[in-house]
Amino acid sequence: GTKLNIAGNGNLTAIAEGDHAYGIGGDETAVINIKDVHIVDVKGGHVKAAITDDNYGKNEPEGGAAIGSGKDGAVITLNNVTIDNAQGGSKAAGIGARFHTGLTVNIQNSTIKNVEGGTSSAGIGGSRMTKHESGDTQNITINITNSRINAKGGDFAAGIGSGYNTYCSGVSPTPVISVTIDAASNITAQGGLL
């Protein structure tokens, strides 16, 4: 997979449109490092207000994360980053993975004023974690230190964690979500409203 490094003291806006489109990242991005950057607005492909199909968003188009990857095992690190607004596209987290993908998200010394997950996706983390076709399991690890975060999940999803998976009851082993938050952090996380 590829590696993406973004550093500096400027302002960044990244708006994606269309299938599998990421604001920052991509399907094969294995490592994303963002340091000392102010992100004004970042959006993945197919951002929408609510699910429009009757099957928990399964038939929605496949977008991408605002900041993230579709590569299992990817590592995303934000250090001294301020984000005003991040919105995941359809079937993708705001910061994290698109569906059927496990990864690690490290957030350090950062302020995230608003991050929202896309269809059935977490604000920070994953979406539809288990790959039901093969029985593979994608785990999500989230480490937050000395940061201020306001996270909201998309429909049927956690603010921080993962989203609903229509196949999880029929697959073994169960995916593992690990979230570590230090005492210096201030987190507000809200699940989806439907």
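The amide H of Val47, built 1.01 Å from its N in the peptide plane, has Ser90 as neighbours under 5 Å, considering only residues 5 or more places off or on other chains.
Write down the accessible area per residue of the chain in Å², having rolled a 1.4 Å probe over the full set of protein chains. Intermediate results must be reported in sequence, preceding the final value.
Working: 8070 Å² over 194 residues.
On a per-residue basis, 42 Å².
Note on the chain: Rg/Rh from C-alpha atoms, Kirkwood Rh, equals 0.94. Fully extending the segment from Thr141 to Asp84 would add 18.2 nm, taking 0.36 nm per residue of separation and subtracting the current Cα-Cα distance. Considering only Ala183, Ile124, Thr13, the residue lying farthest towards the positive end of the dipole of the chain is Ala183, judged by Cα position with unit charges set on Cβ. Under 20 Å Cα to Cα from Lys48, which lysines show up? Leave out anything in the same chain fewer than 8 places away. Cα-Cα hits under 20 Å: Lys58, Lys91, Lys113, Lys152.
Positive-end ranking of Gly192, Thr111, Asn146 along the dipole of the chain, with charges on Cβ about the Cα centre, is headed by Asn146. Would you work out what percent of the accessible area of the chain, with all protein chains in place, is carbon or sulfur (probe 1.4 Å)? Taking all protein chains in place, the chain shows 46 percent carbon and sulfur surface.
The values are calculated or read from the model by the stated rules, or taken from the named source; none is laboratory data. Computed from a prediction, not measured in an experiment: that's the story for all the values here. Cβ sites come from the backbone with ideal geometry, for glycine too, and all protein chains shown count toward neighbours. SASA here: full protein model, heavy atoms, side chains in, ligands and nucleic acids out. Shrake-Rupley method; radii C 1.70, N 1.55, O 1.52, S 1.80 Å.
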